[in-house]
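Student: Just passing along the structure, written as structure tokens.
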Amino acid sequence: MGESSRGYLLRIAHANGHDTARNLWKALRWWDYPADRLLRMGLKLPRVAVEALGGPFPAYCQISRDLPGSLRVDDFNQVEFRWCPSCLAESEFVRMEWEIKLFCVCVVHKVILTDRCPACDSLQPLARGALGRCRCGTHLSVAPSVPASPELIAFHDSLLTVLAGWPVAGGLDLAPLQWLRLVKYFGSFGLEAPPTRPGQVPGLHKLQTSLRLTTATAHLLSDWPRNYHQLLDDIARSMPGAARLGHTYGRLYRAIYRDLAEPGFQFLRDAFETYLHKNWTGLLAKRNRRLKPGTITTHPRKSLRDMARQTKTGKSSIRRLASAGEIDGSAIRHAPGRTTWAFPVTAIGQAKERLAGTVNFQQARTLLGVNKRRVRELIDAGLVRTWVNPKDAQAAAWCISRKDVHTLAYAGKRIPGSYVDGDRRFVTLRHVLKFWQLKTGEFPAIIRAIQSGVLQCARDPRAPAGLGDTLFDAVEIRGWLHASRSAAEELLTIDGAATRLGLKQQVAYELVRSGLLHSVVNEDGTRRGRGVSLQAIDEFRRSYVPLTDIARSRGVGVRRVLGDLSARPVSGPRIDGSRQYFYRRSDIACRMEST
Ligand SMILES: [Zn+2]
Ligand SMILES: [Zn+2]
């Protein structure tokens, strides 16, 4: 039972002194019977025995018969022999399934089939002389065998079961031919290099090619649908910026909706659509006829219009918030100038929150009680967060965090009474800003010092809100300013600067070399080389931002950000061959939180 037709002929040929099956067949032709009756008449083989043989006869026999599982002759190997050494040792005959091109495992011994002689490493032609022995004389049954993985065994088990005409317990309701198409059209996506033309995998008569394909298929099918979803993830990641189903999943999409259109393959589509529901950040076109209608209507992504309606704002405000990276959403660029947006449901809440707590620039100025330039300094230093900056997002109005403005406008402990009391002379921040000739960055540094508690400040309860009337102890603030100025001039080594900036040393050296991080020759006799001042570090932080920070603030991957940003990095692998990407802060539509 289960012997291959071709193998049987070979065995009978040898038993009767013929070299090859072809010679046996020539001898049988001596009787003038029709080909399909030669076996029974010439060899006196009972009908049941003929019917027990599986797989095609060699072409020269001109016998056409039903093949197991309605497979086609082309699904069977005509070239190379593969075998299970243990099976061959138990009983020397060719098992029908060994001849199926997409069959690579012995489910009895749980090993991968072999196709080479253990001694001379040569492949064994199917039409060869001896059965079970190589031309060099070595027994094929002594070949070492490699254990097969449980998922590969399960796959072959199912294939054998459907070939025998039994249903697969708890498995897929597929005919054998469909199994093979599943492997070629779907399993091939699990290969290291996915097919350019799914369904057409050349060289399957070779064990290694076939084994790669069945292994990939078995992996995709096991732990369903986790590995499949992993594949979908990988495909999406390899196509950053692509935002249409057809672009991202084009080939796979066609394979599972068109090439494998029968109902039996619905499980592939169901798992695909479940994945889209959870992970597809784009919109699904209403007129898409391939996806189930429910998948489209329940897709948890909102369009720009939905967002505007639900947050009771205009589409332009939503677009601004999204391009500023303040709400989650992805831009889909269809063609130059045509962009649509898709938002997760959570973006509605984010947008409402952002829009509720904002003031415009003029309001911020009035509340803070400082001039325009000072407000901008605070914004640039990240001390006052903005949700929309007209300079970046081409918006008409600023959306500045009301909370941040309020915190600053009411900074300082309220001390009732006169603010000039005999011992301590107080000075207002307005006075400091006007007469003390602060250097660039010193105003935000003062605010930061207040926030961290390094510098004490107070406020006259009768004074209006605003930074201008914040009071400092004149001696204390002068001392602090002096100390911070001399510290700023102190030089760090480049390694020290790297630590300070939280960068890899190599990156800091590259930044120094490109001039983005200002350095001076260290003139202090004890140390040699270049040094970086704290001021230069501050200056660098104010001007540039690493791509990784942008990605983190937006909660998406770096590759995605790299694809989405229209601004050009000032440094990075594709710009000047350096290790890390940096952007000019003023170039990107996103205000970073203070770093
Ligand atoms: Zn075996
Ligand atoms: Zn050999």
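Read the figures in this text as sums done on the coordinates, not as results from a lab. Source: prediction; values computed, not measured. Glycine also receives a Cβ, built like all others from the backbone with ideal geometry; neighbour counts cover every protein chain displayed.
Student: Suppose the Debye formula is applied to equal point scatterers at every Cα of the stretch 243-306; what is log10 I(q)/I(0) at q = 0.18 Å⁻¹?
Tutor: -0.64
Student: Provide the net charge surrounding residue 357, with neighbours chosen by a C-beta distance below 14 Å and charges set as Lys +1, Arg +1, Asp -1, Glu -1.
Tutor: It works out to a net charge of +2.
Student: Tell me the net charge near residue 507. Cut-off is 15 Å between Cβ atoms, residue 507 excluded, with +1 for each Lys or Arg and -1 for each Asp or Glu.
Tutor: Net charge around residue 507: +1.
Student: For residue 583, what residues show an amide H to amide H distance below 5 Å, using hydrogens built from the backbone and excluding near sequence neighbours?
Tutor: So residue 583 has HN proximity to 545, 547, 570.
Student: For the stretch 277-327, which trypsin sites (Lys or Arg not before Pro) are in a loop by DSSP, counting at most 10 other Cβ atoms within 10 Å?
Tutor: Here the sparse-neighbourhood loop sites are 286, 287, 289, 312.
Student: Can you tell me what percent of all Cα-Cα pairs in the stretch 105-228 are more than 22 Å apart?
Tutor: 44
Student: Another question about this same structure. Given Cα pairs under 8 Å that are at least 6 residues apart, what percent is the relative contact order of the chain?
Tutor: Contact order relative to length: 8 percent.
Student: Please list, in chain and number order, the residues 5+ apart from residue 291 or on another chain whose amide H is under 5 Å from its amide H, with Hs placed from the backbone.
Tutor: For residue 291, no residues qualify.
Student: Can you return the lysines within cross-link range of residue 286? Criterion is Cα-Cα under 23 Å, with same-chain partners fewer than 8 residues away left out.
Tutor: Straight-line reach from residue 286, under 23 Å: 278, 302, 315.
Student: Based solely on its DSSP helices, what 222 nm [θ] is calculated for the chain when runs of n ≥ 4 H residues each add -39,500 (n - 2.57) and the sum is averaged over all residues, nearest 500 deg cm²/dmol?
Tutor: Result for the chain: -12000 deg cm²/dmol, rounded to the nearest 500.
Student: Test of understanding: what is the full-extension gain from residue 297 to residue 579, defined as 0.36 nm times their sequence separation minus their Cα-Cα distance?
Tutor: 97.1 nm
Student: May I ask for the percentage of alpha-carbon pairs in the chain that lie more than 46 Å from each other?
Tutor: Looking at the chain, the distances longer than 46 Å represent 46 percent of pairs.
Student: To continue, here is another question. Any chance you could list P(r) for the stretch 29-73, counting all Cα-Cα pairs in 10 angstrom bins from zero, rounded to whole %?
Tutor: Pair shares across the bins are 26, 55, 18, 1.
Student: Treating cross-link reach as a plain straight distance, find the aspartates and glutamates whose alpha-carbon is under 17 Å from the alpha-carbon of residue 413, omitting any fewer than eight places away in the same chain.
Tutor: By straight Cα distance, residue 413 reaches 421, 460, 469, 473, 476.
Student: Express the relative contact order of the stretch 9-62 as a whole percentage, based on alpha carbon pairs under 8 Å and six or more residues apart in sequence.
Tutor: Relative contact order for the stretch 9-62 comes out at 24 percent.
Student: Oh, and also: What Kirkwood Rh does the stretch 1-77 have if only Cα atoms enter the pairwise 1/r average? Answer in Å.
Tutor: Hydrodynamic radius (Kirkwood, Cα pairs) of the stretch 1-77 is 12.8 Å.
Student: Taking the 0 to 90 degree range and rounding to the nearest ten, how far is the long axis of helix 505-514 tilted relative to the main principal axis of the chain, both from C-alpha atoms?
Tutor: Helix 505-514 sits at roughly 60 degrees to that axis.
Student: Based on the mean of other Cβ atoms within 10 Å per residue, sort peptides 427-437, 266-276 so the most packed one is first.
Tutor: 266-276, 427-437
Student: Classify the stretch 442-595: rounded, prolate or oblate, from the alpha-carbon gyration tensor (a ≥ b ≥ c, eigenvalue square roots; a/c under 1.5 rounded; otherwise prolate if a/b is larger than b/c)?
Tutor: Taking the square roots of the gyration eigenvalues as a ≥ b ≥ c, the stretch 442-595 is oblate.
Student: Can you run phi through the Karplus equation (6.51, -1.76, 1.60; θ = phi - 60°) for the stretch 484-498 and list ³J(HN,Hα) in whole Hz, with x for Gly and Pro?
Tutor: Whole-Hz 3J(HN,Hα) from phi for the stretch 484-498: 6, 5, 6, 5, 5, 7, 5, 9, 9, 6, 5, 4, x, 5, 4.
Student: Next question. Once the convex hull of the alpha carbons of the stretch 283-336 is built, what does its volume come to per residue, in cubic angstrom?
Tutor: Considering the Cα atoms of the stretch 283-336, their hull volume per residue is 100 Å³.
Student: Can you order the peptides 180-193, 100-113 by their average number of other Cβ atoms within 10 Å per residue, highest first?
Tutor: For the peptides 180-193, 100-113, the packing ranking is 100-113, 180-193.
Student: Further question on the same structure: Quick one: Debye curve from the C-alpha atoms of the stretch 199-243, no solvent, what's log10 I(q)/I(0) at q = 0.26, 0.27 Å⁻¹?
Tutor: -0.88, -0.90
Student: What list of ³J(HN,Hα) couplings, whole Hz, do you get for the stretch 187-200 from phi and the Karplus terms 6.51, -1.76, 1.60, once you set θ to phi - 60° and write x for glycine and proline?
Tutor: Karplus-based 3J(HN,Hα) across the stretch 187-200 equals x, 5, 6, x, 5, 4, 10, x, x, 7, 10, x, x, 10 Hz.
Student: Let me ask something additional. How high is the relative contact order of the stretch 224-290, in percent, counting Cα pairs under 8 Å that sit 6 or more residues apart?
Tutor: Over the stretch 224-290, the number comes to 32 percent.
Student: Quick one: what are the phi-derived ³J(HN,Hα) couplings along the stretch 373-382, Karplus 6.51/-1.76/1.60 with θ = phi - 60°, whole Hz, x for glycine and proline?
Tutor: 4, 5, 4, 4, 4, 5, 5, 4, 7, x
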